[in-house]
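Attaching a single structure in structure tokens format; questions to follow.
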């Protein structure tokens, strides 16, 4: 009879707890998107859309827009050496493309990976942006990050920062979504 009572209590708990999860889960650490308009825009694009971004918001694109990202901090965890090698290569190439004064680097990435959009934060071309990102400063591609910071500190203006407003598919708050097809049509900025 005692076992029947214990079994009954366990059964009751297993039914009640899943039925009211908010009473048992703290939502304090859950974060929403910093750019819901970006996710709405991307969700309206074809499902095969690929977004390249160094912004932390890139981690949210697969969940909120249901579109793929080239690389992201949450996806670059070193679970397996071969997997991490691919993420490291993509991150390194993206840093080089985003901070290069030559638009050819971005064009090569677009063609190699089939990128449809670049999501860039308004502060991305400030050297402190890269320094403030722990992922960049504590990774195997830190030397590439340091080179980009050095170029920015020397006054080099990245080509993606100089693109005409015509290539901006969406500008919301601190984010700018650049259309890759438009980038391919652009010539390198002249200084």
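Which members of segment 47-88 meet the condition of being without any contact (Cβ under 8 Å) to a residue 24 or more places away in the chain, within 16 Å of residue 133 (Cβ to Cβ) and under 11 Å from the mean Cα position of the chain (by Cα)?
Residues satisfying the conditions are 59, 69, 71, 72, 74, 75.
This table checks each residue for (1) touching a helix residue (DSSP H, G or I) at 6+ places or on another chain (Cβ under 7 Å); (2) farther than 29 Å from residue 39 by Cα.
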{"site": "145", "(1), (2)": "yes, no"}
{"site": "148", "(1), (2)": "yes, no"}
{"site": "151", "(1), (2)": "yes, yes"}
{"site": "154", "(1), (2)": "no, yes"}
{"site": "162", "(1), (2)": "no, no"}
{"site": "172", "(1), (2)": "yes, no"}
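On the basis of being at pLDDT below 75, surrounded by fewer than 18 Cβ atoms within 10 Å (Cβ to Cβ) and farther than 28 Å from residue 180 by Cβ, does residue 11 make the cut?
On the way: at pLDDT below 75: yes; surrounded by fewer than 18 Cβ atoms within 10 Å (Cβ to Cβ): yes; farther than 28 Å from residue 180 by Cβ: yes.
When the stated conditions are applied, residue 11 passes them.
Okay, next question. When only residues in segment 174-185 that are within 22 Å of residue 111 (Cα to Cα) and in contact with a helix residue (DSSP H, G or I) (Cβ under 7 Å, 6 or more places away or on another chain) count, which is surrounded by the most Cβ atoms within 10 Å (Cβ to Cβ)?
Initial filter on segment 174-185 (within 22 Å of residue 111 (Cα to Cα)): 176-185.
Add one more test, that the residue is in contact with a helix residue (DSSP H, G or I) (Cβ under 7 Å, 6 or more places away or on another chain), and what stays is 177-180, 182-184.
Values: 177: 22, 178: 22, 179: 17, 180: 24, 182: 14, 183: 21, 184: 14.
Here the residue is 180.
Taking the criterion of being modelled with pLDDT under 90, surrounded by 19 or more Cβ atoms within 10 Å (Cβ to Cβ) and either under 24 Å from residue 42 (Cα atoms) or touching a helix residue (DSSP H, G or I) at 6+ places or on another chain (Cβ under 7 Å) (or both), would at least one residue in segment 81-90 satisfy it? Let's see the steps before the verdict.
Taking segment 81-90 and keeping what is modelled with pLDDT under 90, we get 81-88.
Checking which are surrounded by 19 or more Cβ atoms within 10 Å (Cβ to Cβ) leaves us with 87.
Filter once more, so that each one left must be either under 24 Å from residue 42 (Cα atoms) or touching a helix residue (DSSP H, G or I) at 6+ places or on another chain (Cβ under 7 Å) (or both): 87.
Scanning segment 81-90, I find at least one residue that is modelled with pLDDT under 90, surrounded by 19 or more Cβ atoms within 10 Å (Cβ to Cβ) and either under 24 Å from residue 42 (Cα atoms) or touching a helix residue (DSSP H, G or I) at 6+ places or on another chain (Cβ under 7 Å) (or both), so the answer is yes.
The values are calculated or read from the model by the stated rules, or taken from the named source; none is laboratory data. This one's a predicted model, so the numbers in the text were calculated from it and none came from an experiment. Note that we place each Cβ from the backbone using ideal geometry, even for glycine, and neighbour counts take in every protein chain shown.
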